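Engineer: One structure coming up, written as structure tokens, with questions to follow.
The values are calculated or read from the model by the stated rules, or taken from the named source; none is laboratory data. Keep in mind that what you see is a predicted model, and the values were worked out from it rather than measured. Counting neighbours? That spans all protein chains shown, and the Cβs are built from the backbone with ideal geometry, glycine included. All accessible areas refer to the heavy atoms of the entire protein, side chains included, with ligands and DNA or RNA removed. Shrake-Rupley method; radii C 1.70, N 1.55, O 1.52, S 1.80 Å.
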Amino acid sequence: MRVKARPPSGKQPEGAPLFNRYASSYDDVVGQAVSFSGQGSEFFARAKLGLLKDLITAHMGSTRGIHLLDVGCGTGNLHAGLVAEGLQVTGVDVADGSLEVARSKNPGVQYDLFDGCKLPFQNGSFDVSMAICVFHHVRADLQLGLIAEMSRITRLGGLVVVIEHNPVNPLTRLAVWRCPFDKDAALLSARQSKMLMASTGIATNTRYFLFLPFQNRISSLIERNLWWLCLGAQYCTYGINRESRAT
């Protein structure tokens, strides 16, 4: 078996009570926070799915049969779309309430509780590891350890992906300010994300996205051609894992 889970420490991780509180209302809360854009949470989920599909296909040729770990998966909003693309998805989170909701929505996906620090899997268990809007909730002194864990459980030549809110974008800051569980979030710049990844030996790239709050042929063209411009509402820092670690 490629993936071997180890039980968490038993101590409730920091942040778990907050996200358990919003587990059943997560989509509604996010939708309210971004309502000024004229779009709901589904629009932003579709944008992330499209970006992930493009990245994985570009680096691995296809999404079919790819083993992906979603770190800080929350209620698993992207997982149905990822499974539909042929990925084999596993999710981990510190909040057991969020995982209960995720399991109810995605019965074919494996979910595990973790302690926020040590990922409960063997070295090189996954082709892709990702963390979407997670690191701004992680204490600064724990961020390097978590990205190192993502690198550890990603196979040599696999893909490590971090998607975060772009603090340069004023509308992103407004959405974060309006979201109750982002009240104490410390947004990371793309430079900070790249430095975290580089510290683990990952050669990084950054792609900005969500420049416009709608999807059509024109907006798709803009997204494809302005990926380098640091004004998108969110950004994706990603790279190929070059580190090989003995199990």
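Engineer: Kindly list the residues of the stretch 59-83 that lie in the label zone of N205, defined by a backbone N under 19 Å from the point 7 Å along the Cα-to-C-beta vector.
Structural biologist: Zone members listed by number: 59-64.
Engineer: Once you've got the GNM for the chain with C-alpha springs shorter than 10 Å, pick whichever of L49, L159, L68 has the biggest mean-square fluctuation.
Structural biologist: Judging by the Gaussian network model, the answer is L49.
Engineer: Tell me, what is the per residue accessible area of the chain in Å², probe radius 1.4 Å? Mind showing how you got there, number by number?
Structural biologist: Details: 11910 Å² over 247 residues.
The answer is 48 Å² per residue.
Engineer: Kindly work out what percent of the DSSP beta bridges joining two residues of the chain are antiparallel, to the nearest 5. It would help to have the intermediate numbers written out before the result.
Structural biologist: On the way: 14 of 32 bridges.
The antiparallel fraction comes to roughly 45 percent.
Engineer: May I ask you to derive the relative contact order of the stretch 92-228, considering only C-alpha pairs under 8 Å and at least 6 residues apart, and to give it as an integer percent? Spell out each step's value before the answer.
Structural biologist: Details: 150 pairs, mean separation 25.5, N = 137.
Computed value for the stretch 92-228: 19 percent relative contact order.
Engineer: Hey, of (i) 1.02; (ii) 1.15; (iii) 0.94, which did the structure itself give for Cα Rg over 2.2 N^0.38 Å when calculated?
Structural biologist: (iii)
Engineer: Remind me, relative contact order of the chain in percent, using alpha carbon pairs under 8 angstrom and six or more residues apart?
Structural biologist: Worked out over the chain, it gives 20 percent.
Engineer: Another question, then. On the Cα set of the stretch 41-99, report Rg and Dmax in Å, please.
Structural biologist: Looking at the stretch 41-99, its Cα Rg and Dmax stand at 11.6, 35 Å.
Engineer: If Lys and Arg each add +1 and Asp and Glu each add -1, what is the summed charge of the other residues whose beta carbon sits under 14 Å from the beta carbon of F181? Mind dumping the intermediate values first?
Structural biologist: Details: positive: R21, R178, K183; negative: E14, D27, D28, D93, D182, D184.
Result for the local shell: -3.
Engineer: Ok, one more. For the chain, what does the helix formula give at 222 nm: sum of -39500 (n - 2.57) over DSSP H segments with n ≥ 4, over the residue count, nearest 500 deg cm²/dmol? Show your work: numbers first, answer last.
Structural biologist: Values: 9 runs with 91 residues, N = 247.
Here the helix-only value at 222 nm equals -11000 deg cm²/dmol.
Engineer: Under 8 Å for C-alpha pairs, at least 6 residues apart: give me the relative contact order for the stretch 112-164, rounded to a whole percent.
Structural biologist: Values: 68 pairs, mean separation 27.9, N = 53.
Once normalised by length, the contact order is 53 percent.
Engineer: May I pose another question? Could you look at the chain and say what percent of its accessible area is carbon and sulfur, using a 1.4 Å probe and all protein chains?
Structural biologist: Working: 6560 of 11910 Å².
Carbon and sulfur: 55 percent of the exposed surface of the chain.
Engineer: How much length is gained if the chain between L226 and A186 is pulled fully straight, taking 0.36 nm per residue apart and subtracting their Cα-Cα distance, in nm to one decimal? All intermediate terms of the calculation are to be shown ahead of the outcome.
Structural biologist: Numbers: separation 40, 0.36 × 40 = 14.40 nm, distance 2.57 nm.
Gain on extension, L226 to A186, equals 11.8 nm.
Engineer: Taking the Cβ of A190 as the centre, find all other residues whose Cβ is under 10 Å away and add up their charges (Lys, Arg: +1; Asp, Glu: -1). Intermediate results must be reported in sequence, preceding the final value.
Structural biologist: Numbers: positive: R191, K194, R207; negative: E164.
Surrounding charge for A190 is +2.
Engineer: At q = 0.16, 0.17, 0.19 Å⁻¹, what base-10 log of I(q)/I(0) does the Debye formula yield for the stretch 101-220 when every alpha carbon is treated as an equal point scatterer in vacuo?
Structural biologist: Log-scaled intensity ratios, in q order: -0.94, -1.04, -1.20.
Engineer: Between R64 and R217, what is the label-to-label distance in nm when each label sits 7 Å out along the Cα-to-Cβ direction?
Structural biologist: Going from the R64 label point to the R217 one covers 3.0 nm.
Engineer: For M195 paired with K118, estimate the spin-label separation in nm (one decimal), with each label point 7 Å from Cα along the Cα-to-Cβ line.
Structural biologist: Roughly 2.9 nm, to one decimal.
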